[in-house]
1. Excluding ligands and nucleic acids, what accessible area in Å² is computed for residue 144 using a 1.4 Å probe, to the nearest 10?
2. With a 10 Å radius around each residue's Cβ, average the other Cβ atoms per peptide and rank 151-159, 236-244, highest first.
3. Just read off the accessible area of residue 58 with the full protein assembly in place, 1.4 Å probe, to the nearest 10 Å².
4. Output the pairs from 229/289; 175/289; 57/80; 172/289 with a Cα-Cα distance over 22 Å in this structure; if there are none, say none.
5. Excluding ligands and nucleic acids, what accessible area in Å² is computed for residue 47 using a 1.4 Å probe, to the nearest 10?
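The values are calculated or read from the model by the stated rules, or taken from the named source; none is laboratory data. Remember, it's a predicted structure, so these values are computed and weren't measured experimentally. When we count neighbours, we look across all protein chains shown, and the Cβ atoms used for this are built from the backbone with ideal geometry, even at glycine. We work out accessible area using only protein heavy atoms, side chains counted, and drop any ligands, DNA or RNA first. Shrake-Rupley method; radii C 1.70, N 1.55, O 1.52, S 1.80 Å.
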Amino acid sequence: KRKMLVDLKFEALRNEMEAVRALPAEFGDSIRQFENMVGERDAEKSMKKKELSLLLKSVALDQQKSWSHALQRLVRLWTKATDILAGVFDVSAAKYRAELFYESWLILRKPAGRIRIRRIMNKACLKRLVNICANFRRLENSIHKYRPLRIMFKCFQRWLKYVEYNYQHVSKDLKTSVRRRHELRERLGQFLEEYALKSNSSVIVPTAQQVFSSRQFVFVGWVELVQNKAARRHVEWLTRRRVDLRLLRLSFDFLQHGVIRRGADAQEYLRSTAVFLETRASLDLQIWKVDFFSGVP
């Protein structure tokens, strides 16, 4: 088939050539003109093609230059960006290393400090124990001197606290007046003791009837009665005052908390929240009991 196609094309070209040769001479001139015109057109087309190729080359060169500039700029930007990212990464890595070091230090600090403190504390504990033993040895060697002094010092401290407490809460000059009343009350007893001593002796003394009807006996008896009544009156007043103050405190406590305290709860509350006036009344009663009724000077 290919050979037949080639033969057909060749036959057609030969027929065309024969037809051209058979034409007259005038057609030859026109053909040559046509060929010249075609050659000129081909030359113009080739020139245009050359110009177009040169233009395309120049455009391609310009594009290549612009692309090269853009590529260089992109490379510079990329380099700068990579440098910035590398710096950020270095900073973040440094922060991470610092945080990791701090966390590791926090984790290891306690065991290391515990070991260090244990060593120091062992030495300090041994020194402290040695000092304690030495102090106890000195105390043991001088216990016969230390114990009486310690007892005296404690007694002195308690006595000072007692004096200060009584000075703050006891009524002024109450102790002096109570002792004075006690001395006045005891005059009848002293008079009777003197009479008993005289009656046991060989000295002539008046009879009991004469003594009991004498002015001195009547006076000292009246003095004793007056002092006992005064003491009873003061004690009753102080007792009522203390009871009234306790009831007043329980009443205010009920108004504040809405709870009625009874029995041991009330006693504990009164003992723990004693006011100044109630404390003064209690201490005044104690002074009357000790200095007047008990007869302790």
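1. 120
2. Numbers: 151-159: 10.0, 236-244: 14.0.
Highest-to-lowest ranking by the protection proxy: 236-244, 151-159.
3. Residue 58 has an accessible surface of roughly 50 Å² with all protein chains in place.
4. Working: 229/289 14 Å; 175/289 11 Å; 57/80 33 Å; 172/289 17 Å.
Beyond 22 Å: 57/80.
5. 100
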